[in-house]
1. From (1) open to solvent by less than 40 Å² (accessible area, probe 1.4 Å); (2) in contact with an Asp or Glu (Cβ under 7 Å, 6 or more places away or on another chain); (3) touching a residue at least 40 places away in the same chain (Cβ under 8 Å), pick out the condition that doesn't hold for VAL187.
2. Exactly one of (1) surrounded by 14 or more Cβ atoms within 10 Å (Cβ to Cβ); (2) among the charged types (D, E, K, R); (3) over 18 Å from VAL299 (Cα atoms) is unmet by GLU377. Its number?
3. For GLY197, indicate whether it is surrounded by fewer than 22 Cβ atoms within 10 Å (Cβ to Cβ) and closer than 20 Å to ILE265 by Cβ.
4. Scan (1) over 18 Å from the mean Cα position of the chain (by Cα); (2) surrounded by 23 or more Cβ atoms within 10 Å (Cβ to Cβ); (3) of a type outside the set (Ser, Thr, Tyr) for the single condition ALA275 breaks and write down its number.
5. Hey, LEU35 hits all of (1) more than 16 Å from the ligand (Cβ to nearest atom); (2) modelled with pLDDT of 75 or more but one; which does it fall short on?
6. When you look at ALA237, is it open to solvent by 20 Å² or more (accessible area, probe 1.4 Å), of a type in the set (A, V, I, L, M) and at negative phi, yes or no?
7. Go through (1) buried (at least 16 other Cβ atoms within 10 Å of the Cβ); (2) modelled with pLDDT under 90; (3) more than 22 Å from the chain's Cα centre (by Cα) and name the single condition VAL7 misses.
8. If LEU331 meets every condition in (1) aliphatic (A, V, I, L, M); (2) at pLDDT below 95; (3) more than 21 Å from the chain's Cα centre (by Cα) apart from one, which number is that one?
Amino acid sequence: MSAMHEVLACDFCRKAGLAAVYKPDGSTRGLTVYLCQHCGLVQSAPRIARTVERHDAAVSGGADWGNVRYGKSFRTEIALEAVARQSDMTTALKLLDVGSNRGSFAKAFLSAAPNAHITAVEPDERFAQSCADLHRTDLIQARIEATALPDGHFDIVHSCHTIEHLAAPFAALKDHARVLKPGGLLVLDAPNIALIGGRDILEEWFIDKHLFHFSATTLGRMIQAAGFEILREPDPADPVNLLFVARKTGAIPFAVTADPMEVGIAQALIQRYQATRLANLAALRHAATTIRALAPRRVALWGAGRLFDLLVREGGFDPRTLSLLIDAHLLKHMDERHGVRLAAPEALADIDAVIVMSRMFADEIAREVKMRVPGAEIILYTDLLESAKARKAA
Ligand SMILES: [Zn+2]
């Protein structure tokens, strides 16, 4: 695809030259992914600010994935450490928590900073309730764009995996600068587009809930242009998250210059993603055959999320052949996946082999499997996929 969209302007540089570069798989919002030919920012459109939120959890490998929201709590510790390194946690800090979710960060921050006060912004009433019960916390149940917060009021703005959902992220960042005191701290975490460059990418990364898709370069430039000085760049070894720590300088926002190198990098990355993902999806039938061949041994599969969904839907894997389907996190949201009951890790016993269907938590799961069923063979998703690709090529 290379059609130019003449009406749509880039959220960051305001230029109109957005090239349609990708059509997400299974989008229920009809989203197209565009690449700004001036600054290199990757963005989805149409940018509809959601007025009606879907509330059902969709554990899909396609673009319609969402509402499971267990991911954010895994970022609490690293964000808190970033705040503590830059702030005197004994003082009466005022913190704005953008997208508080279930209040995981808010709770951790309040116990680490005994004199602090939080303004928690969370539009979803199911999650907002968990923040309403917190002490030293004002809850605003609204989208951040709909709030009217005072100028120069906060010491810290914390925003974790929220900016990519907004219809106008650059305006949001400028507003974060406005509500901060001079020298105030921004701790911002967002998904990293670098993940799609991985050899084992399988799930649709451009999901319906995300309108903006940042690299360390594009998000870093946007933060600086909003009036911040970056104190800490994201960890280059982390392909999943982009954690920035920045300080408000109040510098006058500069014009966004062209970045042809970033445009080229993003273009190549998205092309490679499409090719890799298609090859990986095509190899899933061989992965399913490998698992079936383990019979009559007793086989458990751990991880019933997006990768598992694609193994069943694209690979034709029949999950009823499993002795056990384990997922500690999804169990909090649902009882079954593809007609098979979910089990907790505690149920793992009398099993000969465990398929670890997770990328991010593979090491953690493998450790727990070794502890619970020491003799079981462990087959990691990455290895299962690589051998399936080799068999397909043979
Ligand atoms: Zn742009």
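1. (2)
2. (3)
3. Values: surrounded by fewer than 22 Cβ atoms within 10 Å (Cβ to Cβ): yes; closer than 20 Å to ILE265 by Cβ: yes.
So GLY197 fits the description; yes.
4. Checking ALA275 against (1) over 18 Å from the mean Cα position of the chain (by Cα); (2) surrounded by 23 or more Cβ atoms within 10 Å (Cβ to Cβ); (3) of a type outside the set (Ser, Thr, Tyr), the one that fails is (2).
5. Just one mismatch for LEU35, condition (1).
6. On the way: open to solvent by 20 Å² or more (accessible area, probe 1.4 Å): yes; of a type in the set (A, V, I, L, M): yes; at negative phi: yes.
When the stated conditions are applied, ALA237 passes them.
7. (1)
8. Only one criterion in (1) aliphatic (A, V, I, L, M); (2) at pLDDT below 95; (3) more than 21 Å from the chain's Cα centre (by Cα) is unmet by LEU331, namely (3).
The values are calculated or read from the model by the stated rules, or taken from the named source; none is laboratory data. Model, not experiment: these values are computed from the prediction. Note that each Cβ is placed from the backbone with ideal geometry, even for glycine, and that neighbours are counted across all protein chains shown. Side chains included, ligands, DNA and RNA excluded: accessible areas come from the protein's heavy atoms. Shrake-Rupley method; radii C 1.70, N 1.55, O 1.52, S 1.80 Å.
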